[in-house]
Structure formats: structure tokens, C-alpha cells
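The values are calculated or read from the model by the stated rules, or taken from the named source; none is laboratory data. Owing to the predicted nature of the structure, the values given are computational and were not obtained by experimental measurement. Neighbour counts are summed over all protein chains in view; Cβ atoms, including those assigned to glycine, are modelled from backbone coordinates with ideal geometry. These area figures cover heavy atoms from the full protein model, side chains too; ligands, DNA and RNA do not enter into them. Shrake-Rupley method; radii C 1.70, N 1.55, O 1.52, S 1.80 Å.
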There are 2 protein chains.
Amino acid sequence: MSAGWVVVAGLGPGSESLVTPEVSAALAEATDVVGYIPYVARVASRPGLTLHPSDNRVELDRAAYALDLALRGRRVVVVSSGDPGVFAMASALFEALEAGPVAWRELDIRVLPGITAMLAAAARAGAPLGHDFCAINLSDNLKPWSVIERRLRLAAEADFAMAFYNPRSRARPEGFARVLTVLREACGEDRPILFARAVSTPEETLRIVPLGQASAEMADMRTVVIVGSSQTRVIERPGSPILYTPRSVLKDTA
Amino acid sequence: MSAGWVVVAGLGPGSESLVTPEVSAALAEATDVVGYIPYVARVASRPGLTLHPSDNRVELDRAAYALDLALRGRRVVVVSSGDPGVFAMASALFEALEAGPVAWRELDIRVLPGITAMLAAAARAGAPLGHDFCAINLSDNLKPWSVIERRLRLAAEADFAMAFYNPRSRARPEGFARVLTVLREACGEDRPILFARAVSTPEETLRIVPLGQASAEMADMRTVVIVGSSQTRVIERPGSPILYTPRSVLKDTA
């Protein structure tokens, strides 16, 4: 085994105060940082550290590049925003690993968790994910619309709160409007929906509306969206309201 | 408004290297720390800081106590393990807030996210939650068995990976065996299941088996359990295997 390693690290949603000490320590030991341009830009350059920013949509190439660097003895951190295991670089790295040369499998590979966007957004709004919930990636090219629609309807039937990543994409701009239509049918017009944009950054905005008032334009590429379950409540108070889901469902009302 | 505040903070799964700087900063400013005994024990005592450890199953009393302290001008951190918004103290605090005196609603209340157990476990095992997934709390007293069973079957039909918190409880020891029976029916004997115990602590253990070989005794109160989707894969290699779910489902096979 070479002395190189690959760490797939989550930088959290944006604020440096949400980067774990474990991730900071890995970055301090790294010789190379690989990742999507805006995430690599969050890493301070220093002597002995080579930054390798790359464009979006080249996850498999980036993963293979990181694994090759490690095989040559480099200490490589692949940076993701949020948590690398939630709709991010960790799965891409393992897809590349499984398809690649067997020598890669002997490498020291670790995934370091981070604060994922839905949990940062939930914390800012209250506790909408305090009872059973699901997380669905709406990014285009990952699955057919029929799979998304079925999952939405089943999640509503299960009465999960739902968190949506990548609600709007350039390649499928109409997709999120269709999602909202299905959600209104399945959950009703009064169900609260949270649009949380750029959480923990200076551009952070939060907006809670009933589904009947939601429109696709309320989300963009930096937004995570959370729809409550049938039990989710809004507490009005001075300043911003609180959105939360109680811990218990005492009766089976299906 | 008083100068007091309440922060509900996530300490992560156990290791100090997974506590965010934001949480550490809040603890450094606090006058009071409130929480379940083992979580308060993770906070170092210092002059000017009063620790208020309390027993399990008194979440609403604890929340009310914290809100009252803040109303009297204290700076209170309510500590949770993991993320406070995932099956933890944040929802309990807002339940107390909604039912309590209106003066509480004027308090400065913040939730600070943490690394939740399923994401720490997923990172250690690979990336089993790299595609759509759900999180279900199996703790007794929170919902009737019929609700749990329906959610399991719907989650399997949606082909979510599933993370289970509190798989075994003293009050319902047979419950997790029933969960495994439903999962075997819905997902088949070959589906991989991960038992991750005490992740990030010196007692950490990970075990990946096919559902057909899983038994309730493989989980205890410190275990988080993850069942893969139909797409989840195991990569064998020297040392421990990698469990991961690819990012894409290219065809609708329902």
C-alpha cells in the first residue's frame, strides 16, 4: 500500500463555523485538494498544497484523478459541500473505484461527514425533520420523472416530511413545477413548505408558505426545500415563525 | 426581551472531532447546560457554567426548564447527541414552547446542527445514503406499530435506502425483530443491512450482512441501522468492505 490516501470531506453548507475539526485536520495534512470550483475555492491555499478545481458534471473523472494521485503517494482531500454522502462526491468516488483498477481498492479511503444542507436548513427554521422523513434529489439526469413522481406519492402516503435537493436545474426547469403539482395533490394546499436558500452564508433567506402559495420560482440552484408531514406545525411569534414536527404520532389515522 | 437565550446544540455522534466550531462557541458563552446525563457529561465544567444533567424521558420538562432559565436572563445550551433536529431535543423544545407561556416566544432561540448518527455511520461504511433515502425512528411510545409497518412497506416500494434510529428499546424488545421480518418480505434476503454501533467512539463496530442473516441481537441502544435500496452495492477489498448506493437510477423498473 502506498502512503497516499483519499479523504472525501464535507465542508458543510457554507459557514466556516460548520466545518468539523476532523475535516479541518484532514485539509491541514493534505498535499492535494480536488473538487468542484466553488468548493475548492473555500480551501485556503498554502505552500505544499496543490488545488485542483474542476467543473461540475465531471464527478467520475474527478474521482479517478483523486484515486490516481493517492496511488502515487499523495494525500488527497476531495471536497464536497454539505455531507459528501448525501447526493455528493462519496458515491461518485465509489462508482469510480468499483469500475477502476484493482490497485485502487488497496488505498486508504475515508469519508468524513459534514453538515448537510437539509439539516442546516431545518435547524434555521426550527425542527421540521424531527419525526420520520425522507430526502430526494431532484437533480436532472439522475432518474426518470416516473421514479420521482412515484417516490413523491409514496412518501406522502407514508406521511414523511420530505427534503428536496437540487430542486431546480437548468436542464429540467419545468421539473420542480411538476413536483409542486404532485405535492399539492398528495398533501393538500395547506401543508407548509420551506424554501431555504444559501443557508449559513450572508445570502441566506428562509421562506415558509402553504403549498397552495408555493411556486417553482421560489427555489433556485442554492435552495433546499422541505415539505412538512401532516403533523408539521408553524408557531407564529415576534420575528420569524418556527416550523417543526412533533416527535410522536399517537394514533394511526390511515 | 431578556438578554437570555436558548441554543439547542448537536454534539455529534461521540468524537470531539465531529463537534462544529459553532457549537463549541455556544458552549463557551453559556451559563447553563441542560440535557440527558451522558450528553451533559461530554461538556467540560468551568467556573461560571452550571451543568443540569437530567434523566431520559423527561424531554418536555427539560425543555421547559431551559426556557425558564433563559427568561431569567441565562444563556442556556440544551445538548443533544447527533443533530438536535433529528429525533432529538429540538422538536421537544418547540412542543414545550407551543404549549407554554407566551413570553417564551419572545426568547432568542437557535438550533445548531450537528453530525447525525446515520450520516456518521454512512461515512464510515462508504456511502449507502448517496441516493434517495428515508430516516425512521423505531423508538417505542412514539407511534403505533401499524404506522411503522406501513412506512417500512411504502419506503421499500419507493426503493429508498432506510436509516433506523433507536432500533431496540427496553419497552419493546420484540419490535426490531418484527421490523426485520417486514424488511425481508419487502426487500428480499439478499439486501445488505449495516449495523453501526457507537460510531466515532472507541467502542465503534460496523457489521454488514445480507438481510437474511440479520438478527435483532445485532442492534442495541447505541446502534444505527441502514438498509440499502435495490441499487446498493458492496465492494469487497482488503480490510473492510465498502457499502454504497450509486447516484443514478437510469431506468424505471417498477
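Relative to the compact globular guide of 2.2 N^0.38 Å, what is the alpha carbon radius of gyration of chain A, as a ratio?
Expressed relative to 2.2 N^0.38 Å, the Cα Rg reads 1.10.
Which percent of Cα pairs goes in each bin when the distances of segment A:160-207 are cut into 5 angstrom slices starting at zero?
5, 16, 23, 26, 19, 9, 2, 0
Rounding to the nearest 20 debye, state how big the charge dipole of segment B:65-156 is about its Cα centre with +1 on each Lys and Arg Cβ and -1 on each Asp and Glu Cβ.
About 120 debye.
Run the helix sum for chain A: -39,500 (n - 2.57) per DSSP H stretch of 4+ residues, divided by residue count, reported at 222 nm to the nearest 500 deg cm²/dmol.
It comes out at -8500 deg cm²/dmol, rounded to the nearest 500.
If amide H atoms are built 1.01 Å from N in the plane of the peptide, which residues on other chains or at least 5 residues away come under 5 Å of the amide H of B:LEU112?
Correct list: B:VAL8, B:ALA9, B:GLY10.
Work out the charge dipole of segment B:113-254 with +1 on the Cβ of Lys and Arg and -1 on the Cβ of Asp and Glu about the Cα centre, then indicate which of B:THR223, B:SER240, B:LEU142 is farthest towards its positive end.
In segment B:113-254, that residue is B:LEU142.
Suppose we look only past 17 Å in the calculated P(r) of segment A:1-123. What percent of the Cα-Cα pairs does that tail hold?
Roughly 51 percent, once rounded to a whole number.
Need one number: % antiparallel among DSSP beta bridges in chain B, to the nearest 5.
40 percent
For a quick check: with amide H placed at 1.01 Å from N, whose amide H comes under 5 Å from B:ALA127's, ignoring anything fewer than 5 positions away on the same chain?
The list, which skips near neighbours in sequence, is B:LEU243, B:TYR244, B:THR245.
Roughly how big is the B-A contact, given as buried accessible area in Å² (both sides, 1.4 Å probe, nearest 100)?
6400 Å²
Would you kindly calculate the translational diffusion coefficient of segment B:195-238, applying Stokes-Einstein with the Kirkwood radius from alpha carbon pairs, for 25 °C and a viscosity of 0.890 mPa s, and quote it in µm² s⁻¹ without decimals?
Rounded to a whole number, D works out at 208 µm²/s.
Setting aside same-chain residues fewer than 8 positions from B:LYS143, which lysines have a Cα under 23 Å from its Cα?
In chain and number order, the partners are A:LYS251.
Quantify, in whole percent, the carbon and sulfur part of the accessible surface of chain B (1.4 Å probe; protein heavy atoms only).
Whole-percent figure for carbon plus sulfur exposure: 51.
Note down the accessible area of A:LYS143, probe 1.4 Å, to the nearest 10 Å².
Taking all protein chains as shown, A:LYS143 has close to 10 Å².
So in the protein assembly as shown, which Cys have no other cysteine's beta-carbon sitting under 4.7 angstrom from theirs?
So far as the 4.7 Å Cβ criterion goes, A:CYS187, B:CYS187 stand without a partner in the protein assembly as shown.
If each label sits 7 angstrom from Cα along the C-beta direction, how far apart, in nm, is B:ARG42 from its counterparts in the other copies?
2.1
Taking a temperature of 25 °C and a viscosity of 0.890 mPa s, what whole-number D in µm²/s does Stokes-Einstein yield for segment A:131-172 with Rh from Kirkwood over alpha carbon pairs?
D, rounded to a whole number, is 227 µm²/s.
In square angstrom, what is the accessible area per residue of the protein assembly as shown with a 1.4 angstrom probe?
The answer is 38 Å² per residue.
Evaluate E = 1/(1 + (r/R0)^6) for B:GLU185 and A:GLU106, where r is the Cβ-Cβ distance and R0 equals 60 Å; express this FRET efficiency to the nearest 0.05.
With R0 = 60 Å, the Cβ-Cβ based efficiency is 0.95.
With Rg and the Kirkwood Rh both taken from Cα atoms, where does Rg over Rh land for segment A:1-58?
Looking at segment A:1-58, the ratio lands at 0.95.
Roughly how many Å² of A:CYS187 are accessible to a 1.4 Å probe, to the nearest 10?
Around 20 Å² of this residue is reachable by solvent.
If you build a Gaussian network model of chain B, linking Cα atoms that sit under 10 Å apart, which residue out of B:ALA70, B:ALA125, B:ALA103 swings the most?
Highest fluctuation among the options: B:ALA103.
Quick one: accessible surface of A:GLU189, probe radius 1.4 Å, all protein chains present, in square angstrom to the nearest 10.
The value for A:GLU189 is about 100 Å².
Can you tell me the Rg and Dmax of segment B:83-193, counting just the alpha carbons, in angstroms?
16.8, 55
So if I place +1 on the C-beta of Lys and Arg and -1 on the C-beta of Asp and Glu, and nothing else carries charge, what would the dipole magnitude of segment B:132-254 be about its Cα centre? I want it in debye, nearest 20.
180 debye
Could you give log10 I(q)/I(0) at q = 0.10, 0.11, 0.21 Å⁻¹ for segment B:137-254, computed by the Debye formula over C-alpha point scatterers of equal weight, without solvent?
Here log10 of I(q) over I(0) equals -0.30, -0.37, -1.26.
Per-residue mean of other chain beta-carbon atoms within 10 angstrom of the beta-carbon, peptide B:145-156?
The shielding value for this peptide is 4.
For chain B, give the magnitude of the charge dipole about the Cα centre (Cβ charges: +1 Lys/Arg, -1 Asp/Glu; no others), in debye to the nearest 20.
240 debye
In whole Å, what three semi-axes, largest first, describe the equivalent ellipsoid of the protein assembly as shown built from its Cα gyration tensor (square root of 5 times each eigenvalue)?
Computed over the protein assembly as shown, the values are 32, 27, 24 Å.
Which whole-Hz couplings ³J(HN,Hα) result when phi for each residue of segment B:22-27 is put into the Karplus expression 6.51 cos²θ - 1.76 cosθ + 1.60, θ = phi - 60°, listed in order with x for Gly and Pro?
4, 5, 4, 5, 5, 5
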